[in-house]
Amino acid sequence: MTPCAVTTGFFTLGKCGQMAVAGCPACGRAVCADHLADGGLCPECAAARNRFGHPSAAAAARRRVYRQRQAQYYGDTVYYSSFDDYDRAAFEPGAAADQDYLDDGDDALVDS
Amino acid sequence: MFWRKQKAAIAGFHPLHQALILERGFAATHPAAEWAALAASLHRHTGLIRRSKWALPPRTMDVILPLLTEICEDLGPKGVLAVTADLRGIHVPAKSHPARSIPVRPPARSATETWSIDPWLRLHAGLRDGSGLDVLIVDRQRLRRVTKRGSSGKTKVKRKTQITQLIKVRRRLPRGVAGVRPQTAPPAWIGVTLRDGERRSVLAAAKLLRLPQSGDEQLDRILTVATETFRWTR
Amino acid sequence: MHRAAYLAFDRFPSAKGSAVHIRHMAAELFDRYGGGLLCVLGGGELPAYQREGAVEIVRFTDVVPNLLDRAGAFSRWAADRLAPHRDTLEICHVRDPWGALPALSTGARLVYEANGLPSIELPYHWPLAAPSTLAKIRELEEHCLQEADAVVVPSRVILKAVADRGAEPDRVHLVPNGADPVPADVPRPPTAPGRYVIYVGALQPWQGVDVLLRAFARLADLTDLTLVVCSSVSPARARPLRRLAERLGVRIRWEHQLPHADVAAWLAHAELSVAPLTAGPRNLDQGCSPIKVWESMAAGTAVVASDLPVIREVLGDHGRLVPPDRPAELARAIRVLLEYPDACRDLGERARRHVEDGFTWKHARARLAGVYDRVEAH
């Protein structure tokens, strides 16, 4: 079973986790039947396109606005990005493509 | 009889919605689904009710409803949210302490001071991560009434009010979670204290010297204070 | 109190092309504003604090294993470093969203230099990153790009990628990378083999070094020819490619983390320089402006490179283009050029003149100065 990867919650973020029935055509994340917003998009992509028909799309939009504003009030620039444990797990040192990269840590986000 | 259709409409509303209309407040504990039903009922209000006596109390649609919606997002399938809302306003006699006279000097003849305390929203939610969230919002008004006598002997009564708002949020962290102090400090107007015990609590409190002027601002302030308690855990 | 700040989530100085880039861009910024604050990553022997004239260099040295956490911690750390200069700060120059967030919070003007986009490049190193995570990173990029007062991009491909992320077209400026001309009489490196073909750069999968090794295996009959790989990363990280080279039996010489000043000599005395970039999304959708190609051109060495839009833009017709990811084609192109040394020299000379006439770092800095002029005028 592929779990639904839509972010739920407002203060506490988590993944929905129900059985996914489709993939969002815009960002590719797995979406369950409850979270399938307008046009088969995931709530966050629907919100980014100003389509708030589905309640979870409206919730995603409100959460985004809220996080952005709180990041400003708190000077906590990272609160805005709202990465959860699921997002972070992919960036643990052991998850790198090539274990040989570990010894001197390729820090850069991009290469130029 | 009069207002027959609107009375019938009210009878069809959610019980808490009816309580808001008729008693201007409610106290209830429900899971997220029930609060969603209340929201659906409230959204039908403007289309059906026109009599001003039965209008929804202020702060219902622009503060309480959005706040409940957001907190319900975090409730999870088993969590419940308890809300005590009293939207009668601060000018209800029961909310005022007795007037107290305060010392004066001429030309004032006498002065009284009255404190009114209006805890208009109190809520408790058991969130899905195992933490408990409490929110308390209190408006406090100081009313001073001064009687003055001018040189011509004319007596004037002046009144001054000062109104402040307290927002207190407490989050009891889940069992066994210690939390980490966030790297950046909260805004200066929010105070944070920790209370250790069987479960650690993070308390955030703010005293606003000026009442928020719009529903959006009010909601924003409440959420900002609540945010601090959630920055302690990831 | 500083008027300008440059933030980069990247180690500086280092042997990588990005460090060259940071050095030149930051120099322009700090010359213009009479010094400034440079916030970069530390590590190794680098001091956490350094002062060079009016320029203060502060380095982030916390050990945070998780990359996302590290980026976040860098962001907060940078916000703290910027806070004392809040009142005087006029401009912030950043290279990534994690630098842009603290810069945005200061209220200073923001110049976002988009050399790459983490949402495209990160999955190469971190294959487990979920699409939803990358979507969040992309949103972050979009937010920062839309808020920036100017976006500086090194190539047209990346300009398009940036425009797709909502940056306003009239705020996006093209500032190609460059290279400093190499004097014609630069001495031959003492350890250089007789005749050699050179690759300079990092060894990420998109660089296509494996394609080059396979191509070189087909040139085994040219017994006097050696492949020199000047790797900007440590030997340990070259291990998979070294194993591949051994298996293919390629005559190869590894030079690891040479100081940037020495690389020019190696380039100038090579027969050919190769840039075998692959045709993956990193090169096709995101784009880049490979410094190795610029520097080879400046050294007057003929370049054989993959036929990609980004390379065409840099190389034009001053080099030899081959289809990407095709070792046989690459081997044939190298062989043909080695057969005709005159044509090869001519190609190198033309490339050198092309760089000297408009694409040295001096030119790049002048273009950047133009961007700062426009940002100030707004």
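The values are calculated or read from the model by the stated rules, or taken from the named source; none is laboratory data. This structure is a prediction, so every number in the text was calculated from the model and none was measured. Note that each Cβ is placed from the backbone with ideal geometry, even for glycine, and that neighbours are counted across all protein chains shown.
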The range B:187-209, residues that are out of contact with any Gly (no Cβ under 9 Å at 6 or more places or on another chain), more than 11 Å from chain A (Cβ to nearest Cβ) and modelled with pLDDT of 90 or more
B:Gly191, B:Val192, B:Thr193, B:Leu208, B:Leu209
Check on C:Glu271, touching a residue at least 60 places away in the same chain (Cβ under 8 Å), more than 23 Å from C:Gln204 (Cβ to Cβ) and among the acidic types (Asp, Glu):
yes
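Residues C:Ala343, C:Ala333: which one is assigned to a helix (DSSP H, G or I) and in contact with a Leu (Cβ under 8 Å, 6 or more places away or on another chain)?
Values: C:Ala333 fails: in contact with a Leu (Cβ under 8 Å, 6 or more places away or on another chain).
When all the criteria are applied, what remains is C:Ala343.
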Go through the range B:190-210 and report how many residues are farther than 15 Å from B:Arg171 by Cβ and surrounded by 14 or more Cβ atoms within 10 Å (Cβ to Cβ).
2
Counted residues in the range C:56-72 being at the interface with chain A (Cβ under 8 Å from one of its Cβ atoms) and surrounded by fewer than 18 Cβ atoms within 10 Å (Cβ to Cβ) come to 3
Could you tell me which of the residues B:Ala111, B:Ala82 is out of contact with any helix residue (DSSP H, G or I) (no Cβ under 6 Å at 6 or more places or on another chain), more than 24 Å from B:Ile137 (Cα to Cα) and surrounded by 14 or more Cβ atoms within 10 Å (Cβ to Cβ)?
B:Ala111
Any idea how many residues of the range B:10-24 are surrounded by 17 or more Cβ atoms within 10 Å (Cβ to Cβ) and touching a helix residue (DSSP H, G or I) at 6+ places or on another chain (Cβ under 7 Å)?
7
For the list (1) under 17 Å from A:Ala58 (Cα atoms); (2) modelled with pLDDT of 80 or more; (3) within 12 Å of chain C (Cβ to nearest Cβ), I need the number of the one condition that A:Cys16 fails.
(2)
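Filtering the range C:92-117 down to residues that are among the polar types (S, T, N, Q) and over 16 Å from the mean Cα position of the chain (by Cα), which residue is modelled with the lowest pLDDT?
Kept after step one, since they are among the polar types (S, T, N, Q), are these residues of the range C:92-117: C:105-106, C:115.
The next check asks that each one be over 16 Å from the mean Cα position of the chain (by Cα); those that pass are C:105-106.
Working: C:Ser105: 79, C:Thr106: 82.
Filtering the range C:92-117 for residues that are among the polar types (S, T, N, Q) and over 16 Å from the mean Cα position of the chain (by Cα), the one modelled with the lowest pLDDT comes out as C:Ser105.
Being under 21 Å from the mean Cα position of the chain (by Cα) and free of Cβ contacts under 8 Å to residues at least 24 places away in the same chain: is that true of B:Ala27 here?
On the way: under 21 Å from the mean Cα position of the chain (by Cα): yes; free of Cβ contacts under 8 Å to residues at least 24 places away in the same chain: no.
In short, no.
For B:Ala226, indicate whether it is within 11 Å of chain A (Cβ to nearest Cβ) and either of a type in the set (Asp, Glu) or loosely packed, with under 14 Cβ neighbours inside 10 Å (or both).
Working: within 11 Å of chain A (Cβ to nearest Cβ): yes; either of a type in the set (Asp, Glu) or loosely packed, with under 14 Cβ neighbours inside 10 Å (or both): no.
No; evaluated as a whole, the condition is false for this residue.
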Odd one out for C:Pro131, checked against (1) touching a residue at least 40 places away in the same chain (Cβ under 8 Å); (2) within 24 Å of C:Ala279 (Cα to Cα); (3) at the interface with chain A (Cβ under 8 Å from one of its Cβ atoms):
(1)
Looking only at the range A:25-41, how many residues end up being modelled with pLDDT of 80 or more, surrounded by 20 or more Cβ atoms within 10 Å (Cβ to Cβ) and either farther than 25 Å from B:Leu75 by Cβ or at the interface with chain C (Cβ under 8 Å from one of its Cβ atoms) (or both)?
1
Take the residues in the range C:269-296 that are within 23 Å of C:Pro13 (Cα to Cα) and aliphatic (A, V, I, L, M), then tell me which one is surrounded by the fewest Cβ atoms within 10 Å (Cβ to Cβ).
C:Ile291
